[in-house]
Structure formats: C-alpha cells, structure tokens
Amino acid sequence: MFESDYGVFSKHQVDYGSRLLIEHFEKPAIAGNFLDLGCGYGPIGIAVAHSYKDRTVMLTDINERAIALAEKNAYYNDVTNVEFALSDRFNHLKDRKFAAILTNPPIRAGKRTVYQMFEDSRYALLKNGELWVVIQKKQGAPSAMDKLKDLFGNVKVIDRSKGYYVLAAKND
C-alpha cells in the first residue's frame, strides 16, 4: 500500500518504469547500503528495502512532501531498514558511499540535471557498486546509455519493455 498526493510523480499508482526497475534489480555482490535517488513517495526504495532486509536503503528527494510520504509509506509497509534525507541530488549526502544507487530520474528537470545525477552517482558508489536507471526510449534512453558508457566505461541493458529501458552501470 502506498499513499501519494499532488505534486509527486505518478500520483495514482506505481508507474510502469518504477515497477520494471523494482522487478529487475539485483543486489550487487559487494557489501554496502543502497540509495533511491529522487525517491518520490518511495515505491522503489521501500520495495528494495523489503526485498533486501540485510541492507539499509537511503531514500532522498528534493521535495519535502515526497519525503514525508515516503516515510509514511515505509511505516505503512512495515519496512524499517530505511533512512530518509531531504536533498537536492547529493548535496546532503556528503561522504556517503553506496553499493547500489537506483533512480527513475526526473526527466522533466532536464538532461543537464539527469546527467549530473549520473556523474555524481559515480563518485557516491563504492568500488564495484552499481547504478541502476530506468528511462524511456522517447525520453532519451539511447543518449543516457552513451552518457553512462562515457562515465563508467560500461552499461548493460538489463531489460526493455514497452519503451522503457532498465540500465545498469558498474563502478569498476
């Protein structure tokens, strides 16, 4: 059960791209916590935390309402291995390192913002950590794949469905 509200992405239901990312995410082999970057009301981070109880998942968003909803949704779903932070990308996560970062990036914020999220993620990942991204082809999946390849030297298409791509890049 998830509560959402106006002013938060995908107000009425968990969007298809987020569901696809949740379904295909596999924890990396390395130890460490996970980050849901731009968590919205929390479906990705909460679902991942529920599946991987041995890891802590940090959920962050720039939107105060989104963080409040994510906190409620974790409580409603009895998920306790989560932390929350109001943060514009990584601004309030200094020196935190993660084994995996998951994001359904805010495409409407523009390519510059999304690519900055990718760049900052590279530095926030542990060695051999992984960045998992879901993005629609029509919203720039091919250019996002190119950017991830430039940054990480690798990018895998984990799944493609209904115009969505689930991408993973490893921080070697």
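The values are calculated or read from the model by the stated rules, or taken from the named source; none is laboratory data. Worth saying up front: this structure is predicted, and the values here are computed from it rather than measured. Please note: Cβ atoms are built from the backbone with ideal geometry, for glycine as well, and neighbour counts cover all protein chains shown.
Taken as a whole, the condition of being at pLDDT 95 or above, over 27 Å from LEU148 (Cα atoms) and of a type in the set (S, T, N, Q) applies to ASN81.
With the structure loaded, tell me whether ALA124 is modelled with pLDDT under 95 and aliphatic (A, V, I, L, M) or whether it fails that test. It is false that ALA124 is modelled with pLDDT under 95 and aliphatic (A, V, I, L, M).
Total residues in the range 134-168 satisfying the condition of being closer than 18 Å to ALA99 by Cβ, in contact (Cβ under 8 Å) with a residue 40 or more places away in the chain and buried (at least 19 other Cβ atoms within 10 Å of the Cβ): the figure is 1.
Candidates in the range 95-116 are the residues that are touching a residue at least 60 places away in the same chain (Cβ under 8 Å) and charged (D, E, K, R); of these, the one that is nearest to TRP132 (Cα to Cα) is LYS97.
Any residue that is touching a helix residue (DSSP H, G or I) at 6+ places or on another chain (Cβ under 8 Å), of a type outside the set (Ser, Thr, Tyr) and either surrounded by 22 or more Cβ atoms within 10 Å (Cβ to Cβ) or in a loop (DSSP other than H, G, I, E, B) (or both) - is there at least one of those in the range 108-116? Yes: one or more hits. Among the residues of the range 52-80, those identified as in a loop (DSSP other than H, G, I, E, B), polar (S, T, N, Q) and surrounded by 17 or more Cβ atoms within 10 Å (Cβ to Cβ) are ASN63, ASN77.
MET58 fulfils the conditions (1) within 21 Å of LYS170 (Cα to Cα); (2) modelled with pLDDT under 95 except for a single criterion, (2). Being farther than 24 Å from ALA31 by Cβ, of a type outside the set (A, V, I, L, M, F, W, C) and at pLDDT 95 or above is a property that TYR115 has. Of all positions in the range 86-94, at least one carries a residue that is closer than 19 Å to THR56 by Cα, outside any helix (DSSP H, G or I), of a type in the set (A, V, I, L, M) and without any contact (Cβ under 8 Å) to a residue 40 or more places away in the chain.
Residue count for the range 149-172 satisfying the condition of being in contact with a Leu (Cβ under 6 Å, 6 or more places away or on another chain) and not in a strand (DSSP E or B): 2.
Is it fair to say ALA144 is among the aliphatic types (A, V, I, L, M) and out of contact with any Lys or Arg (no Cβ under 6 Å at 6 or more places or on another chain)? Yes, satisfied.
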